[in-house]
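The values are calculated or read from the model by the stated rules, or taken from the named source; none is laboratory data. A quick note: this is a predicted structure, and the numbers were derived from the prediction, not measured. Here the Cβ positions follow ideal geometry from the backbone for every residue, glycine too, while neighbour counts run over all protein chains shown. Heads up: the accessible areas ignore ligands, DNA and RNA and are worked out on the full protein's heavy atoms, side chains in. Shrake-Rupley method; radii C 1.70, N 1.55, O 1.52, S 1.80 Å.
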Amino acid sequence: MNLAKLMESQIILNDRIEKEHPRVPGEDRLAKMALALQVELAECANEWRGFKFWSNAQEPRISHFAPGVADSYNYNPLLEEYVDGLHLILDLAIELKIHVPQTISYELSMPHLTVTEVFVDLIQGAYWFLRQKHRAPFPLQTGWVQYFAAFYKLGEMLGFTWEEIEDAYYAKNKINHERQATGY
């Protein structure tokens, strides 16, 4: 995993977004990022479907082709939503000026947590960043690293390899740049 390279790509995208959509006085961009992360995690959970006890269809729906994209293949809406979350987690690090370490230990004490419980923890954890913004950087740094590790663990639990995640991240990053170019 090359987390530094992902951060470089995210910084470039963020700089472009700042130019295209400058902050307005009084705007709390961090609050918007925290809410956006919660929404993306909920969308990811929705694509996962495993919490839908009322449904017989509890497996992710994975398309072979992206709708409306002629040359696409292996389109996976679950992976796309997961990667949308990754973009926002990197955004939080940039916004909060968190030094992202080159390596992160992914060994977490998450014994016996289900995918559902990890989704709930991550959705709740997004709010934590908003509450910590005026605190010392060390707890913020540690908290971000732990949050990222839990998010990474979720990806493993969903069956993704880091290579798949990186590939999907760069594909979505390209789409995000195209969206900025077309006035999304």
Among what's in segment 109-121 and is open to solvent by less than 60 Å² (accessible area, probe 1.4 Å) and of a type in the set (A, V, I, L, M, F, W, C), pick the residue that is modelled with the lowest pLDDT. M110
Any residue that is at positive phi and open to solvent by 60 Å² or more (accessible area, probe 1.4 Å) - is there at least one of those in segment 128-135? no
Of the residues that make up segment 145-161, is at least one modelled with pLDDT under 90, of a type outside the set (G, A, S) and either surrounded by 14 or more Cβ atoms within 10 Å (Cβ to Cβ) or in contact with a Ser or Thr (Cβ under 6 Å, 6 or more places away or on another chain) (or both)? yes
Pick out the one residue from N74, N46, N56 that is at pLDDT 90 or above and assigned to a loop (DSSP other than H, G, I, E, B). N56
